[in-house]
Amino acid sequence: MINKFLRLLFALPIIIVLVGVVTVNVRMDYSPHIEVVAGDTINIDLLKELRGLKHTLSNGADVDMQKMYPEGHLFINALYGLAWCNFLQNAKSEPNIYTNEGHAEIQNAWNKINSDTGRSPFSKELPLEYGAFYTGWSTYLLGKKLSIELASDRDEKEVVLFKQQCERIDSSIHERIYPVSYYGAAWPGDVLVCIASLSLHDKLFQVKYAPSIKQWLENVKTKLDPHGLMPHAIDPLNDEPTENARGSSQSLMLIFLKDIDREFAHEQFKIYKVNFLDSKLGITGIREYPKDDYGIGDIDSGPVIFQLGTAATIVGMHTLDLYEEQKAASEIRSMIEAFGFPFQNDERKTYLFGLLPIADAFITWGHSNMSMKQDEVDFTVFHIYSLILIIILAVLLWFLFKSKKPSSEGSLHVPW
């Protein structure tokens, strides 16, 4: 009896891994669920993801994320609001049956950010009030909100606030290339969102910041890392790189850089692609560190597995699609569907069993700006590795449960 219990105990993790491997391989055959609703082509999976975030945020997911990440509250609300902006912007007809819901959710996300709770992790006394991270993301979301509203429907107070925050950003980048996000700490990725807000201003209103943006880019080009990329972190005292380019921040910066300067963005993307786009065991992903470097995960990167960064890869899906690398983007989308273990019902969809809503926010934001078309992908190499693993696991189970031949010891021996 005890022997049988021990065999079951050893077999359980093998069975779990075996089921997981089979499930992952099956889920890789993925295409977004597309339907025509009231004359509009809708990505139903994306709509379910948005409503999944809506549900978790209504239950305080942003407060929970703030306990896990220094900017969790702002980040999840900003990404959620931007995903709704993209969803409405990509709709062929406006208004449509989702317009009221979308605008209400964007407004709710903005209200949360533009509140004492939203600002509380940041210092008002910084040279750029509340720092580059808060100012960049809050201003960009507000600008995107205004961009999908009719001029007659815009709240004049929000228009004034958007213009005021752009003025503060402009003033700040004349003092430093990279204004700080916290005392003594500055990240180019945060400032890119600030500059994207200025670029968005000039698309929405009278062109005003083009000279400032041009000068800022010229200054940036004098402070690139050894690969020729914008660095991950800099010394706020002299704007010198303190940490070279990393996949998580590069994936994010390239999304915003394309709206600021397409030519420079494509130059940066070519270097990024050479140094960070990689494949391990037949899986396409984005490295957290360049191919000539290695490192471990941290709060920015999330887990780093075989040098592929989880944050870099999730955001990189969006980046690759934006720079017309649709095949690689589709491979990552399928891989996220496989390894993200999504749960869905008729209304909602969440990833990672709903345990990490900030991951859902990044995935949903990425999906919201991607083509609905899924390019043909090939996971043959991964399937072969998986088959080898399945065979090994099956053999282990066979050894655990195979019937033993009866022992001849102690049996009756009759001499003839």
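The values are calculated or read from the model by the stated rules, or taken from the named source; none is laboratory data. Computed from a predicted model, the values in this text were never measured in an experiment. Cβ coordinates were reconstructed from backbone atoms using ideal geometry, including for glycine residues, and neighbour counts include every protein chain displayed. Remember, those area values only see protein heavy atoms, side chains included, never the ligands or the DNA or RNA. Shrake-Rupley method; radii C 1.70, N 1.55, O 1.52, S 1.80 Å.
Some observations on this one:
- If only the Cβ of Lys and Arg carry +1 and only the Cβ of Asp and Glu carry -1, the dipole of segment 204-320 around its Cα centre is close to 460 debye.
- Mean sequence separation of contacting Cα pairs (under 8 Å, at least six apart), scaled by the length of segment 1-101, corresponds to a relative contact order of 20 percent.
- Of L161, L397, L142, the one that fluctuates the most in a GNM where the chain has Cα springs shorter than 10 Å: L397
- Computed over the chain, the alpha-carbon pair-distance distribution with 10 angstrom bins reads 4, 20, 29, 23, 11, 5, 3, 2, 1, 1, 0, 0, each value a whole percent.
- For the chain, modelled as a GNM whose springs connect Cα atoms under 10 angstrom apart, the maximal fluctuation among T139, T222, T313 occurs at T222.
- Two-decimal Rg/Rh across segment 119-225, once Rg and the Kirkwood Rh are taken from alpha-carbon atoms: 0.97
- In terms of its alpha-carbon gyration tensor, segment 175-286 comes out oblate; a/c meets the 1.5 threshold, while b/c is at least as large as a/b.
- Two-site FRET efficiency, T23 against Q206, from Cβ-Cβ distance with R₀ of 60 Å, rounded to 0.05: 0.65
- Reach of K157 by Cα under 24 Å, taken over lysines that are not fewer than 8 positions away in the same chain: K112, K124, K144, K145, K203, K208
- Rounded if a/c under 1.5, otherwise prolate or oblate - segment 23-117, Cα gyration tensor axes: oblate
- Surface calculation, 1.4 Å probe, protein heavy atoms: S152 sits at approximately 100 Å² accessible.
- Length gained when the stretch H33-L150 is fully extended (0.36 nm per residue, less Cα-Cα span): 39.1 nm
- Protein accessible area in the chain, 1.4 Å probe - carbon and sulfur %: 59
- The loop-placed GluC sites (Glu not before Pro) in segment 128-206, going by DSSP, that have at most 13 neighbouring Cβ atoms within 10 Å of their Cβ come out as E175.
- Choice from T364, T117, T284 with maximal GNM fluctuation in the chain (Cα, 10 Å cutoff): T117
- Estimated from the Cβ-Cβ distance and a Förster radius of 22 angstrom, the FRET efficiency linking S115 and H55 is about 0.60.
- Ligands, DNA and RNA excluded, the heavy atoms of W398 present near 150 Å² of accessible surface to a 1.4 Å solvent probe.
- Computed on the chain, with alpha-carbon pairs under 8 angstrom and 6+ residues apart, the relative contact order is 18 percent.
- Amide hydrogen neighbours beyond the local backbone of A186, cut-off 5 Å, H modeled: S181, I234
- Rounded FRET efficiency, nearest 0.05, which uses the C-beta distance separating S371 from I15 and R0 of 30 Å: 0.20
- Accessible area ranking (1.4 Å probe, heavy atoms, ligands and nucleic acids excluded), largest first, for R348, R154: R348, R154.
- Calculated [222 nm] ellipticity per residue, helices only, for the chain: -19000 deg cm²/dmol; basis is -39500 (n - 2.57) per DSSP H run with n ≥ 4, divided by all residues, nearest 500.
- Dipole magnitude for segment 338-404: computed about the Cα centre from +1 point charges on Lys and Arg Cβ and -1 point charges on Asp and Glu Cβ, it is near 440 debye.
- Where the alpha-carbon atoms of segment 273-416 are placed on the principal axes, they occupy 87, 45, 33 Å, in descending order.
- Segment 334-369 and segment 198-232: distance between their alpha carbon centers, rounded to Å: 33
- The alpha carbon gyration tensor of segment 1-73 gives principal lengths a ≥ b ≥ c with a/c of 1.5 or higher and a/b no greater than b/c, which makes the shape oblate.
- Taken one residue at a time, the phi angles of segment 359-367 give Karplus couplings (6.51, -1.76, 1.60, θ = phi - 60°) of 5, 4, 5, 5, 4, 5, 4, x, 4 Hz. Gly and Pro are set to x.
- Additional length obtainable on full extension of the chain from D40 to D298, 0.36 nm per residue less Cα span: 88.7 nm
- Summarised as an ellipsoid, segment 273-334 has semi-axes of 18, 12, 11 Å, derived from the eigenvalues of the Cα gyration tensor scaled by 5 and square-rooted, with the largest first.
- Here the chain is assigned +1 on the Cβ of each Lys and Arg and -1 on the Cβ of each Asp and Glu. Its dipole about the Cα centre then comes out at about 1280 debye.
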